[in-house]
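See below for the structure under consideration.
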Amino acid sequence: MNLGTLSTKAFTARMLISSGMFAPTRPDKLVRVLRALQRWGPTPAAGYTASAVRYPDDRAIIDELGTLTFAEVHRRTNALAHAWADAGLTEGDSVAILCRNHRGFVDATVACSKLGAHALYLNTEFAGPQITDVCERERPAAIVFDEEFTELVADAAEGRKRFVGWFEGADKPADALLEDLVAAGDASEVVPPQEKGRVVILTSGTTGTPKGASRKQPESLDPAAALFSKIPLRARERTMISAPMFHSWGFAHFTLGMGLSSTIVLRRRFDPEATLSATAMHECTALAVVPVMLQRILELGEDVIARYDLGALRVIAASGSALPGELATEVMDAFGDVLYNLYGSTEVAWATIATPQDLRVAPGTAGRPPRGTIVRLYDAEDREVGPGETGRIFVGNDMAFEGYTGGGGKAMIDGLLSSGDVGHFDEGGRLFIDGRDDEMIVSGGENVFPREVEDLIASLAGVDEVAVTGVQDEEFGQRLKAFVVTAEGATLGEDDVKGHVKKNLARYKVPREVVFMDELPRNATGKVLKRELAED
């Protein structure tokens with residue numbers, strides 16, 4: 001083992017101890033925990049097996065149906081894994097999961113891990129044809145879905161085993177319920193599979209058809225330690241996961257909470273005031289969100305926010321889409337300096353993390369790379385660029401995906417993977433995202449990225465949301481078009497927006513058109529669907 005590896009292992013041990021993950025444990029329990037980790041590796045199966053040994057009566061999940069302890073989750077997922085095996089599901093099969101944030105999502109995920117099945121997470125915002133297309137490409141043997149999605153999965157589920165993860169109402173659905181399988185199943189220990197199951201998370205699909213990004217379970221706890229060094233999550237606390245767990249950010253907090261033996265608080269649908277209420281009621285120390293959720297919470301107003309005691313909240317963790325500098329500052333002014341912003345993608349996992357200190361000094365920054373992650377910027381000729389220069393963002397770490405399940409991958413340079421974005425470093429080594437690499441337009445011979453113009457318009461009083469896209473222009477070749485959502489009672493006009501940009505940026509960055517809208521089209525993770533705006 002070389003010095004670099006020894007240093008990494010020492011760092012990992014130090015961070016995991018400080019996080020409380022490696023707390024003193026009774027010798028007999030420690031033996032059982034180590035045996036579970038040896039048998040299962042760093043997987044969901046190991047996480048809940050180990051926590052059931054160490055803290056059997058601690059709360060693992062709080063959702064709209066009530067509370068489950070770690071011992072109950074362990075027994076439930078044993079029973080479900082055995083029931084699925086009896087139904088014909090085997091190691092290496094894929095199980096599609098179309099569920100909101102609730103215990104059924106957790107049950108299905110952990111049961112897949114115990115079986116060695118691959119978990120394919122479907123977006124709850126998908127239309128029926130998208131679900132069908134993804135299932136035809138990925139070929140899952142079974143599909144788990146909430147009853148509300150029964151019609152949407154009708155075609156996709158044809159010829160596949162069907163299980164309902166959540167239902168409401170007096171009449172049970174015709175398909176098998178996870179709860180019934182759990183109740184009737186054998187809760188004895190499951191024999192670990194020969195190969196660990198994979199996780200397949202779909203890309204956001206804001207500019208095209210969603211792709212399946214396959215990722216192995218990590219081989220070590222080094223990535224978790226790197227994240228804990230930047231975001232101070234601690235063991236046996238409570239995390240409110242509002243970000244959808246079918247996507248990378250919500251799923252990350254599910255797996256981190258599992259490793260920390262934390263209680264995860266779940267609600268199926270995001271409601272800004274209900275989120276504050278649950279966070280306060282359960283004295284959550286962490287809240288995982290996408291940026292648009294923060295905006296909706298702030299729109300409640302100071303009086304409503306003040307009704308809820310959030311004194312226990314130490315971390316608001318945001319990711320999934322761009323976090324405007326103005327929004328970051330407003331959130332910290334309202335809740336204290338507890339905001340952490342992670343920049344990454346489904347393919348590269350994480351790239352950089354901005355701490356509250358970063359966001360105060362440089363609002364809008366994506367932060368710096370955590371230990372074990374390399375971020376470099378390259379120009380069009382694949383040459384590395386320096387501070388202040390815009391370049392394509394390439395990332396390297398232990399969490400990068402293995403490739404798209406339908407074939408292909410992302411561009412690579414020097415062993416680093418493209419994030420699909422462009423950005424620049426400031427003199428302090430902080431990364432700023434300038435936009436998608438396919439969003440750049442050439443206006444009057446100058447390269448223009450919409451993000452700079454979006455941030456400027458967002459700072460204008462009376463603007464709630466803004467998105468900027470490129471359009472063809474006879475004089476400049478291309479120009480920008482702005483889509484603006486104003487605050488209630490605002491009287492902004494097109495000239496106000498254009499005038500604000502003209503005062504602060506070059507002429508070729510002034511939008512040719514400004515369209516006012518009631519709301520911007522977004523996907524479930526809060527990203528603006530610019531392809532829909534481009535069709536207007």
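Of the listed requirements (1) in a strand (DSSP E or B); (2) in contact with an Asp or Glu (Cβ under 9 Å, 6 or more places away or on another chain), residue 409 misses just one: (1). For residue 141, the stated conditions hold: it is over 25 Å from the mean Cα position of the chain (by Cα) and closer than 18 Å to residue 199 by Cβ.
Only helices (runs of 4 or more DSSP H) whose full extent lies in segment 269-376 are considered here, and the ones with at least 2 residues that are among the acidic types (Asp, Glu) are 302-305, 325-335.
Candidates 533, 505: the one that is surrounded by 15 or more Cβ atoms within 10 Å (Cβ to Cβ) and either under 17 Å from residue 321 (Cβ atoms) or of a type outside the set (D, E, K, R) (or both) is 533.
Of all residues assigned to segment 478-497, at least one qualifies as being within 29 Å of the chain's Cα centre (by Cα) and surrounded by fewer than 15 Cβ atoms within 10 Å (Cβ to Cβ). From the list 50, 45, the lone residue that is in contact with a Ser or Thr (Cβ under 6 Å, 6 or more places away or on another chain) and part of a helix (DSSP H, G or I) is 45. Within segment 69-91, being small (Gly, Ala, Ser), more than 14 Å from residue 193 (Cα to Cα) and either loosely packed, with under 15 Cβ neighbours inside 10 Å or in contact (Cβ under 8 Å) with a residue 60 or more places away in the chain (or both) holds for 79, 83, 87, 88.
Hey, does segment 378-386 have a residue that's surrounded by fewer than 20 Cβ atoms within 10 Å (Cβ to Cβ), modelled with pLDDT of 90 or more and assigned to a strand (DSSP E or B)? The answer is yes, given that some residue of segment 378-386 is surrounded by fewer than 20 Cβ atoms within 10 Å (Cβ to Cβ), modelled with pLDDT of 90 or more and assigned to a strand (DSSP E or B).
In the list 240, 245, which residue meets the criterion of being among the hydrophobic types (A, V, I, L, M, F, W, C), modelled with pLDDT of 95 or more and closer than 21 Å to residue 352 by Cα? That would be 245, the only listed residue that is among the hydrophobic types (A, V, I, L, M, F, W, C), modelled with pLDDT of 95 or more and closer than 21 Å to residue 352 by Cα.
Mind listing just one residue for me: the one in segment 427-451 that is among the acidic types (Asp, Glu) and modelled with pLDDT under 85 and, of those, surrounded by the fewest Cβ atoms within 10 Å (Cβ to Cβ)? My answer is 438. From the list 212, 205, the lone residue that is at positive phi and modelled with pLDDT under 90 is 205.
The number of residues in segment 454-469 being surrounded by 18 or more Cβ atoms within 10 Å (Cβ to Cβ) and either out of contact with any Pro (no Cβ under 7 Å at 6 or more places or on another chain) or not assigned by TED's automatic domain parsing to the domain that holds residue 522 (or both) comes to 8. From the list 52, 71, 83, the one residue that fits, being in contact with a Gly (Cβ under 6 Å, 6 or more places away or on another chain) and in the same structural domain as residue 179 (by TED's automatic domain parsing), is 83. Note on segment 301-314: residues that are aliphatic (A, V, I, L, M) and either surrounded by 16 or more Cβ atoms within 10 Å (Cβ to Cβ) or modelled with pLDDT under 95 (or both) total 3.
Here's the yes/no breakdown for (1) on the phi > 0 side of the Ramachandran plot; (2) in contact (Cβ under 8 Å) with a residue 40 or more places away in the chain; (3) among the charged types (D, E, K, R); (4) assigned by TED's automatic domain parsing to the domain that holds residue 166:
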site: 244; (1), (2), (3), (4): no, yes, no, no
site: 253; (1), (2), (3), (4): no, yes, no, no
site: 259; (1), (2), (3), (4): no, yes, no, no
site: 270; (1), (2), (3), (4): no, no, no, no
site: 273; (1), (2), (3), (4): no, no, yes, no
site: 300; (1), (2), (3), (4): no, no, no, no
site: 306; (1), (2), (3), (4): no, no, no, no
site: 326; (1), (2), (3), (4): no, yes, yes, no
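Let's see how each residue does on (1) within 29 Å of residue 210 (Cα to Cα); (2) among the charged types (D, E, K, R); (3) crowded, with 22+ Cβ neighbours inside 10 Å:
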{"position": "55", "(1), (2), (3)": "no, no, no"}
{"position": "67", "(1), (2), (3)": "no, no, no"}
{"position": "93", "(1), (2), (3)": "yes, yes, no"}
{"position": "103", "(1), (2), (3)": "yes, yes, yes"}
{"position": "115", "(1), (2), (3)": "yes, no, yes"}
{"position": "139", "(1), (2), (3)": "yes, yes, no"}
{"position": "145", "(1), (2), (3)": "yes, no, yes"}
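Residue 71 falls short on exactly one of the conditions (1) at pLDDT 95 or above; (2) part of a helix (DSSP H, G or I); (3) touching a Phe, Trp or Tyr at 6+ places or on another chain (Cβ under 6 Å), and that condition is (3). As a summary of the residue check, residue 115 satisfies the conditions (1) under 23 Å from residue 42 (Cβ atoms); (2) in contact with a Lys or Arg (Cβ under 7 Å, 6 or more places away or on another chain) except for the one numbered (2). Of the strands (runs of 3 or more DSSP E) that lie entirely inside segment 422-500, those containing 3 or more residues that are farther than 22 Å from residue 380 by Cβ span 463-473, 477-486.
The values are calculated or read from the model by the stated rules, or taken from the named source; none is laboratory data. Only a predicted model underlies this, so the values are computations on that prediction, with no experimental measurement involved. Methodologically, a virtual Cβ is constructed for each residue, glycine included, from the backbone with ideal geometry; neighbour enumeration extends over all protein chains shown.
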